[in-house]
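Below: the structure, in structure tokens.
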Amino acid sequence: MSTRTETALQARDVHKAYGRHRVLRGADLTVRRGELVAVVGENGSGKSTLLKALAGIQPPDRGEVRVHGRLGYCPQEPVLSPSLTAEQHLRYFAAAYRLPGTERGLELLRELGGERYLRTSVGEMSGGTRQKVNLALALLHDPDVLLLDEPYQGFDWETYLHFWDLVQTLRDRGAAIVVITHLVFEQERFDQLAELVDGRIRPRAHHPEDDHVRA
Amino acid sequence: MSAPDTTPAPGYGQFPTALRFSLRNQVRNRMAALLLVGFVPVWFVAMRAMAAGEDKPLRFRLFATGETLVVDAADLTLITAGLNALTMITGFAVFDAVRRTLVFDRRLVFAGYRQSRLVGAKSLSIALVSAAVATYTAVVLLAYWRPGPAGWSAILAGFTVMALTYGAFGLLLGVLVKNDLEGFFLIIMGGLLDTFLQNPLGNPLANEPVLQWLPSFGPTQFAVAGAFDRSALWGHLALGLLWAAGFTAAGLLVFRLRTRRRRGR
């Protein structure tokens with residue numbers, strides 16, 4: 001039986017360089033089950049690189065990443081096939097995750113307000129709708145650890161609020177969630193604010209003045 | 001990101017799902033469809049018109065028998081034109097499809113798709129599309145020349161192997177080159193050089209042994225022998241298939257490397 005204190009994701013001393021440019025210089029991050037963590041930082045601070053290293057897409061040059069349970073990863077730019085419809089994407093990923101059907105995917109799209117576009121090719125969708133599909137694919141298999149790279153880009157306000165409802169539900173179920181963002185408003189939503197500075201993660205204090213927007 | 005193998009039986013089999021969507025992805029390439037419908041007939045007309053100025057019959061050497069055939073330049077050029085059109089259409093269609101979906105395929109593998117099933121489905125879809133394009137080209141050829149059932153069957157076989165070879169070449173380039181321009185250039189120039197060097201009308205040295213080392217050599221020899229000599233050079237057709245298999249193996253190897261899961265943990 002798992003408990004909320006269990007570690008779901010642990011990264012230790014993660015290093016990553018692109019040529020001579022050292023992006024990550026010993027980043028450490030620990031996320032427990034049911035915990036929602038924001039990784040913040042300036043543009044180019046290495047947030048997406050860190051997430052890719054956590055997801056295993058880009059292995060670190062040095063360091064260790066441990067993920068306990070199923071992983072869901074939502075890339076910053078939607079990674080979709082332009083000729084396929086949203087429904088076909090759900091089928092494709094249901095096959096990838098070895099799920100018996102697409103019910104969960106349909107439910108997710110409905111919650112995000114994307115069900116109208118089920119039969120629309122991705123190539124004909126708006127940026128926000130593509131992002132909904134992109135996100136639904138990462139959540140389709142109810143992952144234990146969820147890595148989201150600026151997942152609400154292009155969302156309208158209503159979808160943005162639905163997104164947070166969805167995150168809250170997953171969190172309540174015990175999922176460990178890491179959200180990459182360069183906006184630090186709504187800090188109170190997060191259990192932990194991790195700031196990426198000079199390739200390392202340091203805890204960021206809660207600044208009430210940053211809470212510009214409240215749902 | 002993948003679920004363990006102990007999860008319930010999948011509702012959607014990975015291989016049929018990947019095959020279905022790979023086919024759809026290639027079939028929906030409008031540019032390739034336009035090339036197929038518009039370019040093939042126009043290319044036959046243009047190449048036939050170019051060869052029409054030749055009064056003398058052409059001498060074409062069959063390397064397998066050592067025999068030299070004396071053939072109608074326009075008819076021989078139609079075979080070359082068909083082979084050349086196929087290099088461009090299948091090469092371009094597969095290159096474009098593979099390139100557009102490479103990152104997506106990688107995401108699928110990260111989500112738990114078996115690479116072997118994705119690779120198998122992709123290969124089969126390329127083979128099916130290539131065979132369909134070759135059949136269409138061979139049917140269009142009948143509007144300009146009627147070589148008889150045996151001759152046409154040989155041309156169809158040569159076209160199919162050629163389409164498979166350049167479909168596989170498109171796969172290799174799609175996973176290998178860094179930008180579209182490089183890929184298009186290599187497909188167009190490679191196809192033109194390869195096919196026209198085999199034709200004595202375009203290249204007076206077309207009987208030189210060095211041409212045996214080009215991908216279109218086998219299919220050209222098989223199609224010409226079948227169409228003009230009623231002989232079947234199976235070894236040459238197999239040679240073309242070897243090229244196709246070689247390109248496919250190299251392409252799939254690179255695809256496998258580029259879509260593999262990297263566990264840095």
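Numbers at a glance
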| item | result |
| --- | --- |
| Some residue of the range A:2-13 being part of a strand (DSSP E or B), over 28 Å from B:Thr101 (Cα atoms), polar (S, T, N, Q) and within 14 Å of another protein chain (Cβ to nearest Cβ) | yes |
| Subset of the range B:39-67 (residues that are within 15 Å of B:Gln221 (Cα to Cα) and open to solvent by less than 50 Å² (accessible area, probe 1.4 Å)) | B:Leu58, B:Phe60, B:Leu62, B:Phe63, B:Gly66 |
| Neighbours by Cβ (under 7 Å, 6+ apart or cross-chain): first from the range B:57-76, under 10 Å from B:Asp229 (Cβ atoms); second aromatic (Phe, Trp, Tyr) and assigned to a strand (DSSP E or B) | B:Leu69/B:Phe60; B:Val71/B:Phe60 |
| Qualifying positions in the range A:30-55 - more than 21 Å from A:Gly174 (Cβ to Cβ), assigned to a loop (DSSP other than H, G, I, E, B) and in contact with a strand residue (DSSP E or B) (Cβ under 7 Å, 6 or more places away or on another chain) | A:Gly41, A:Ser45, A:Gly46 |
| Pick from the range B:104-117, criterion over 17 Å from A:Val79 (Cα atoms) and part of a helix (DSSP H, G or I), ranking: least open to solvent (accessible area, probe 1.4 Å) | B:Gln115 |
| Filtered residues of the range A:94-108 (kept if assigned to a helix (DSSP H, G or I) and either more than 15 Å from A:Val133 (Cβ to Cβ) or among the hydroxyl-bearing types (Ser, Thr, Tyr) (or both)) | A:Ala95, A:Glu103 |
| Selection from the range B:159-204 of residues that are in contact (Cβ under 8 Å) with a residue 12 or more places away in the chain, assigned to a loop (DSSP other than H, G, I, E, B) and open to solvent by 30 Å² or more (accessible area, probe 1.4 Å) | B:Leu197, B:Leu201, B:Gly202 |
| The range A:1-47 - residue that is open to solvent by 30 Å² or more (accessible area, probe 1.4 Å) and polar (S, T, N, Q) and, of those, farthest from A:Gly69 (Cα to Cα) | A:Asn43 |
| Check on B:Leu83, more than 18 Å from B:Leu193 (Cα to Cα) and either at pLDDT 85 or above or not basic (Lys, Arg) (or both) | no |
| Conditions (1) assigned to a loop (DSSP other than H, G, I, E, B); (2) at pLDDT 90 or above; (3) of a type in the set (A, V, I, L, M): number failed by A:Val213 | (2) |
| Pair list, Cβ < 8 Å and 6+ apart or interchain, from the range B:88-107 residues that are away from chain A (no Cβ under 14 Å) to residues that are outside any helix (DSSP H, G or I) | none |
| Hits in the range A:137-171 (condition: surrounded by fewer than 18 Cβ atoms within 10 Å (Cβ to Cβ) and among the β-branched types (Val, Ile, Thr)) | A:Thr169 |
| Restricting the range A:127-144 to residues that are of a type in the set (D, E, K, R) and in a helix (DSSP H, G or I), the residue that is nearest to the other protein chains (Cβ to nearest Cβ) | A:Arg130 |
| Given (1) within 14 Å of chain A (Cβ to nearest Cβ); (2) at pLDDT below 90; (3) in a helix (DSSP H, G or I), index of the condition B:Leu34 fails | (1) |
| Candidate set from the range B:223-238 (those that are aliphatic (A, V, I, L, M) and open to solvent by less than 30 Å² (accessible area, probe 1.4 Å)); member that is nearest to B:Leu164 (Cα to Cα) | B:Leu237 |
| Tally of residues being closer than 16 Å to B:Asn25 by Cα and modelled with pLDDT under 95 across the range A:92-111 | 0 |
| Test: residue in the range A:112-123 that is at pLDDT 95 or above, in a helix (DSSP H, G or I) and open to solvent by 40 Å² or more (accessible area, probe 1.4 Å) | no |
| Filtered residues of the range A:77-91 (kept if assigned to a helix (DSSP H, G or I) and open to solvent by 10 Å² or more (accessible area, probe 1.4 Å)) | A:Glu87, A:Gln88, A:Arg91 |
| Residue under evaluation A:Glu87, criteria (1) in contact with a Leu (Cβ under 8 Å, 6 or more places away or on another chain); (2) more than 10 Å from every other protein chain (Cβ to nearest Cβ); (3) modelled with pLDDT under 95, criterion not met | (3) |
| Residue check for B:Thr101: open to solvent by less than 30 Å² (accessible area, probe 1.4 Å), modelled with pLDDT under 90, of a type in the set (Ser, Thr, Tyr) and in contact with a helix residue (DSSP H, G or I) (Cβ under 9 Å, 6 or more places away or on another chain) | yes |
| Single condition B:Val129 does not satisfy, out of (1) within 26 Å of B:Val45 (Cβ to Cβ); (2) more than 14 Å from chain A (Cβ to nearest Cβ); (3) touching a residue at least 60 places away in the same chain (Cβ under 8 Å) | (2) |
| Index of the failed condition, A:Glu124 passing every other in (1) over 21 Å from the mean Cα position of the chain (by Cα); (2) facing chain B (nearest Cβ under 7 Å) | (2) |
| Pick from the range A:48-76, criterion more than 7 Å from every other protein chain (Cβ to nearest Cβ) and without any contact (Cβ under 8 Å) to a residue 40 or more places away in the chain, ranking: most open to solvent (accessible area, probe 1.4 Å) | A:Lys52 |
| Boolean, A:Arg98 is among the basic types (Lys, Arg), more than 9 Å from every other protein chain (Cβ to nearest Cβ) and either buried (at least 20 other Cβ atoms within 10 Å of the Cβ) or more than 30 Å from A:Lys16 (Cβ to Cβ) (or both) | no |
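The values are calculated or read from the model by the stated rules, or taken from the named source; none is laboratory data. Since this is a predicted model, take the numbers as computed values, not measurements. Positions of Cβ are generated from backbone atoms using ideal geometry, with glycine treated the same way; all protein chains shown enter the neighbour counts. Calculation scope for accessible area: heavy atoms of the full protein, side chains included, ligands and nucleic acids excluded. Shrake-Rupley method; radii C 1.70, N 1.55, O 1.52, S 1.80 Å.
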